[in-house]
Amino acid sequence: MNARHQDIAVMKKLASLREPLSPDGVPASILVVDDSPAKLKAVMAIISRMGLAVTAASSGREALRLLLKQDFAVILLDVKMPEMDGFETATLIHGRPRSAYTPIIFITAEASSDSERFLGYTMGAVDYIFSPIVPEVLCAKVRVFVDLFYLQRKLILQSDELRESKQMLQQLASHQELIKEEERKRIAREIHDELGQNLLALRIDASMLHARTGLMHPKLNEKAQYALNQIDATIKSVRGIINNLRPPVLDLGLQAAIEWQIQEFRRRSGIECRIMVDDEGYDRDIDDTRATALFRILQESLTNVLRHAQASMVEVELSRDGPLLRMRIADNGIGMQHNIRQRTKSFGLHGIGERVRMLNGELAITSRPGHGTTLTISISV
Ligand SMILES: Nc1ncnc2c1ncn2[C@@H]1O[C@H](COP(=O)(O)OP(=O)(O)OP(=O)(O)O)[C@@H](O)[C@H]1O
Ligand SMILES: [Mg+2]
C-alpha cells in the first residue's frame with residue numbers, strides 16, 4: 001500500500017466515526033465553488049449527506065458575492081477555473097475582514113505544481129484535496145473544520161449565557177439589596193413602635209413606684225431603682241439595635257445622616273474626621289434609595305479606614321454639580337497593597353461597586369502604598 005492509499009484508509013476510518021454535532025441544531029454552511037456543474041453536484045451530494053447546509057457558486061466572482069451576505073464554516077474551492085482561478089479567489093476572500101479567517105479547502109488535480117503554492121498561504125486555515133475526489137477524504141477534511149466551527153459557536157453561545165446569567169445575578173443582587181433595606185426599615189420601625197413605646201410606659205410606672213416608695217419602703221425603693229436601671233439599659237440597647245438596622249436620622253435627610261455617622265465614627269475610632277460641603281443643599285431632590293446607598297457606602301468606607309488604613313485623618317467631601325452628586329472619602333493612611341481589590345473573600349469594596357452600579361453612577365478608587373486611599377462616588381440625582 002503506498003502513502004496515498006494509506007492516507008485514504010485512515011480518512012475512511014475517520015469519516016465513518018460520526019457526524020459533526022451542531023451545538024444549537026443549526027447546521028454549518030459550506031460553500032462549494034467549481035465551474036464544472038458535474039463536480040459541483042457530486043461534491044454537494046457528499047456534503048449534504050454529512051447533515052451540512054451547502055451553497056454552490058460556479059465562479060470566484062459569484063463566491064465573493066455570496067460571501068458579502070453570508071458566513072461559511074468552510075469553502076471548497078476549485079483551483080482551475082476560467083477568469084479568476086482558485087488562488088486569486090482565495091486571496092480576495094482572505095483579504096476581506098469578514099472572511100479573513102474562513103478555512104478554504106482547495107480542490108486540485110495537479111498535486112505536484114499546486115501543492116507548492118498552498119504553502120504561500122499564511123492567512124486563514126488552508127488545506128487541499130485531490131480530484132478525483134474520494135468522498136471519505138473530503139468528509140474527513142471538512143469535518144475537522146466544521147468541528148472547529150461548532151466549537152467556536154459553542155463558546156460564543158456559552159459566553160452569551162454567562163453574560164446573561166451575570167446580568168441576572170446583578171439584577172437579583174440589587175433587588176435583594178432593596179428588599180433588605182425595606183426589611184431593615186420595617187423591623188426598625190416595629191421595634192421602635194412596639195418595644196420602644198412599651199419600654200417607655202414601663203419606665204414611667206417604675207419611676208412612679210420609685211418616687212412613691214421613697215423612705216417608707218426602702219427595700220422596695222431599692223428594687224424599683226434596680227428595675228429603672230435595667231429599663232434604661234434595655235432602652236439604650238434597643239436604640240443601638242435600631243441604629244444598626246437603619247438609623248432613624250436617615251429620615252431627616254442625607255446630610256443629617258452623614259453628620260451623625262461621622263460623629264459616631266469619631267467617637268468610636270478617635271480618628272479625626274472632617275466633613276466638607278461646598279453647597280449646603282447638596283442633598284436636595286435625593287430619593288431614599290440613593291440616600292441610603294450613599295449612607296451605606298460611607299459606612300463601609302469608614303469601617304475600612306478603621307480596620308485597614310492606620311490613618312490619623314479622614315476627609316469626607318460632598319459636592320453638587322447640577323444633577324450630579326459627588327462624595328469623596330479620603331484617608332491619610334497606609335494605602336492599599338497592589339492587587340488587593342481582586343481578593344475573593346473581601347466584599348466591602350465589591351458591595352460599594354455594586355451599589356454604585358445599581359444607581360448608574362461611577363466609582364473611582366485611588367490609592368498608593370504610604371499615600372492613603374481615596375474613594376470618589378458620583379451619582380446623578
Ligand atoms: N482605606 C483603606 N486603606 C488601606 N487599605 C484598604 C482600605 N480600604 C480597603 N483596603 C484594603 O482593601 C481590601 C478589600 O477591602 P474590602 O472592604 O473589600 O474587604 P475587607 O474590608 O477586607 O472585608 P469585608 O468584606 O468585611 O469588607 C482590604 O482587605 C484592605 O486590605
Ligand atoms: Mg471592608
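Per the listing Ser59, Ser113, the residue uniquely out of contact with any Leu (no Cβ under 8 Å at 6 or more places or on another chain), of a type outside the set (Val, Ile, Thr) and modelled with pLDDT of 95 or more is Ser59. Contact map, region 308-333: first residue on the phi > 0 side of the Ramachandran plot and free of Cβ contacts under 8 Å to residues at least 12 places away in the same chain, second residue among the small types (Gly, Ala, Ser) and away from ligand 2 (no atom under 16 Å from the Cβ), Cβ cut-off under 9 Å, separation 6 or more or different chains; pairs are Gly322/Ser380. When Ser301 is tested against (1) more than 16 Å from ligand 2 (Cβ to nearest atom); (2) part of a helix (DSSP H, G or I), exactly one condition is not met: (1).
For every residue, the table says whether it meets (1) in contact with a strand residue (DSSP E or B) (Cβ under 7 Å, 6 or more places away or on another chain); (2) among the acidic types (Asp, Glu); (3) within 15 Å of ligand 1 (Cβ to nearest atom).
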residue	(1), (2), (3)
Leu254	no, no, no
Met276	yes, no, no
Thr303	no, no, yes
Val316	yes, no, yes
Met327	yes, no, yes
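If you go through region 279-298 and keep only what is among the hydrophobic types (A, V, I, L, M, F, W, C) and within 14 Å of ligand 2 (Cβ to nearest atom), you end up with Ile297, Leu298.
Filtering region 306-359 down to residues that are of a type in the set (Gly, Ala, Ser), within 14 Å of ligand 2 (Cβ to nearest atom) and over 16 Å from Thr374 (Cβ atoms), which residue is modelled with the lowest pLDDT? Restricting to residues being of a type in the set (Gly, Ala, Ser), within 14 Å of ligand 2 (Cβ to nearest atom) and over 16 Å from Thr374 (Cβ atoms), the top hit is Ser346. Can you tell me which residue within region 332-381, out of those that are assigned to a helix (DSSP H, G or I), among the hydrophobic types (A, V, I, L, M, F, W, C) and in contact with a Leu (Cβ under 7 Å, 6 or more places away or on another chain), is nearest to ligand 1 (Cβ to nearest atom)? Among residues in region 332-381 that are assigned to a helix (DSSP H, G or I), among the hydrophobic types (A, V, I, L, M, F, W, C) and in contact with a Leu (Cβ under 7 Å, 6 or more places away or on another chain), the one nearest to ligand 1 (Cβ to nearest atom) is Ile352.
Among the conditions (1) away from ligand 1 (no atom under 16 Å from the Cβ); (2) of a type in the set (S, T, N, Q); (3) exposed (fewer than 15 other Cβ atoms within 10 Å of the Cβ); (4) outside any helix (DSSP H, G or I), Gln263 misses just one, which is (4). Within region 347-361, residues that are farther than 12 Å from His175 by Cα have Cβ atoms under 6 Å from residues that are within 13 Å of ligand 2 (Cβ to nearest atom) in these pairs: Gly348/Glu300; Gly348/Asn304; Leu349/Arg341; Ile352/Ile297; Ile352/Glu300, counting only partners at least 6 apart in sequence or on another chain.
The values are calculated or read from the model by the stated rules, or taken from the named source; none is laboratory data. All values reported here derive from a predicted model rather than from experimental measurement. Glycine gets a Cβ as well: all are built from the backbone with ideal geometry, and neighbour counts include every protein chain shown.
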